[in-house]
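Colleague: Handing you this structure, nothing more for now.
Derivation of every value follows stated rules applied to the coordinates shown; laboratory data play no part. Computed from a predicted model, the values in this text were never measured in an experiment. Methodologically, a virtual Cβ is constructed for each residue, glycine included, from the backbone with ideal geometry; neighbour enumeration extends over all protein chains shown.
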Ligand code: AMP
């Protein structure tokens, strides 16, 4: 299938060809015809699948097909994070070349005045984070009474951040006969309920099962104690010169510490998280995109939805508390069909989290020694036995350094690494 088959107008097709988009991605070929018909859509897709274009292209087509006298706010796109909102607006800018449409982005953390001025000049599309949008509505700078299409992007993330009440309030301010497009990487019950309450007979589209995304990625886990992680991170960065590396930490403080250590070793690194100003986050992302800083350290929320090309390695410096986050994190490295590499650092306290991840991806992640050599099966078995002897819930217990750091090898060709019963895995 080609973009021409999907029924998009000539200026959009031209832009796609200029940007070397030859074939629609699966989410695009499923969603574009439905959106063009004016249908509501529930799209199960994560970032990296081409979902931004899947909703933006048909929206632009519809806006140009029914021109109004001067710009009128007809499309509202809600995003969980400031970065994602900015990125969507950039995509709109790219895809709408040659169309006489105007868009603006309203996000917190930056002065409100400029946003108010842009809106007052007249726009067709508004990309917003819910909090700042509600502020602007309260100040009477934005009205949603002419909205024709609402997009809820990364709905599960908006739920996690606590935006659900704001989203329901905002939807109530838009006309009942609007078109609603909801995209989410996962479908927790609250999102299913939102779709049931606010969408009309939606077309359901879904791409790549969460576990299959992970299949193209070369994944390994390195067992080590928590204290060895900074040095292991430095070594890993040194092993991959010239490659973009994204490092995920559980906490903002952790992200700052890793950045500080890497910079002290002469490895250009930037951290992005919720305590950084919008300007700082944007500068860090720009430096990473341009390649002047090759390591970006992020917390999950700060990194969500950010599109960064050519990431060579994803490091789970800390394993995530929510196992599905592992798949979102490593998905940064296998964009557009490319293969990638993901390394997880796993301390004794994180074994349970590792098991939960392996349950989600439906496979065991091969274990490596800290020096990058394959962990010998006997060592891996010893590790597993030690692990099963640990008292459950002893999360803060100090691991025995000798057992957890660089386990020594045994005979090759034995059992598969870190074998365990299905019962154990299921209880993780
Ligand atoms: P997204 O999932 O929207 O974040 O898109 C991921 C990346 O894929 C972005 O860099 C897009 O520019 C790119 N992309 C989206 N659709 C296509 C396509 N049909 N062909 C080539 N690249 C695409």
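Colleague: Please give the length that would be gained between residue 235 and residue 197 if that part of the chain were fully extended, namely 0.36 nm times their separation in residues minus their C-alpha to C-alpha distance (nm, one decimal). Before the final figure, lay out each step's value.
Modeller: Details: separation 38, 0.36 × 38 = 13.68 nm, distance 5.09 nm.
Length difference between fully extended and current span is 8.6 nm.
Colleague: So what is the orientation-averaged projected area of the stretch 3-206, using the convex hull of its C-alpha atoms, in nm²?
Modeller: For the stretch 3-206, averaging the hull's shadow over all directions gives 10.4 nm².
Colleague: Further question on the same structure: For the pair residue 97 and residue 189, how long in nm is the line joining their label points, each one 7 Å along Cα→Cβ?
Modeller: Placing both labels 7 Å beyond Cα along the Cβ direction yields 4.8 nm.
Colleague: What is the projected area of the convex hull of the Cα atoms of the stretch 265-327, averaged over all directions, in nm²? Provide the component values of the computation, followed by the final result.
Modeller: Working: hull surface 19.4 nm².
Over every viewing direction, the Cα hull of the stretch 265-327 projects on average to 4.9 nm².
Colleague: Compute the convex hull volume of the Cα atoms of the stretch 8-68, divide it by the residue count, and report the result per residue in Å³ as a whole number.
Modeller: On the way: hull volume 5.2 nm³, N = 61.
Taking the convex hull of the Cα positions in the stretch 8-68, it is 85 Å³ per residue.
Colleague: With a 10 Å Cβ neighbour count serving as the proxy for reagent exposure, in which order, fewest first, do 317, 21, 95, 326 appear? Write down the numbers at each step before the final one.
Modeller: Working: 317 21, 21 17, 95 24, 326 28.
Taking fewest neighbouring Cβ atoms as first place, the list is 21, 317, 95, 326.
Colleague: To the nearest Å, what is the center-to-center distance of the stretch 20-36 and the stretch 215-232, using C-alpha atoms only?
Modeller: 37 Å
Colleague: Something else now. Under 15 Å from a point 7 Å along the Cα-to-Cβ line of residue 9: which residues of the stretch 119-156 have their amide N that close?
Modeller: 124-125
Colleague: So how far apart, in nm, are the two label points at residue 275 and residue 90 if each is 7 Å from Cα heading toward Cβ?
Modeller: Each label point lies 7 Å from its Cα, and together they span 2.6 nm.
Colleague: A follow-up question, please. Can you run the Rg to Rh ratio on the stretch 164-309? Use alpha carbon positions and the Kirkwood inverse-distance Rh. Each step should come with its number before you reach the end.
Modeller: Numbers: Rg = 19.7 Å, Rh = 18.4 Å.
Rounded to two decimals, Rg/Rh equals 1.07.
Colleague: With a 10 Å Cβ neighbour count serving as the proxy for reagent exposure, in which order, fewest first, do 178, 117 appear?
Modeller: Working: 178 19, 117 11.
Going from sparsest to densest Cβ surroundings: 117, 178.
Colleague: Compute the separation of the alpha-carbon centres of the stretch 161-211 and the stretch 47-78 and state it in Å as a whole number.
Modeller: First find each Cα centre; the distance between them is then 17 Å.
Colleague: A further question follows. What residues of the stretch 93-111 lie in the reach of a label at residue 121, counting those whose backbone N is under 19 Å from a point 7 Å from the Cα along Cα→Cβ?
Modeller: Correct set: 93-107, 110-111.
Colleague: Here's something else I'd like to know. Could you state the per residue volume, in Å³, of the convex hull enclosing the Cα atoms of the stretch 187-269?
Modeller: Measuring per residue, one finds 183 Å³ for the Cα hull of the stretch 187-269.
Colleague: Moving on to the next point. With 10 angstrom as the radius, rank 25, 68 by how many other C-beta atoms surround their C-beta, starting from the fewest.
Modeller: The most exposed by this proxy come first: 68, 25.
Colleague: Over all distinct alpha-carbon pairs, what is the Kirkwood Rh of the stretch 63-116 in angstrom? Walk me through the numbers before you get to the answer.
Modeller: Numbers: mean 1/r = 0.0797 Å⁻¹.
By the Kirkwood definition, the hydrodynamic radius is 12.5 Å.
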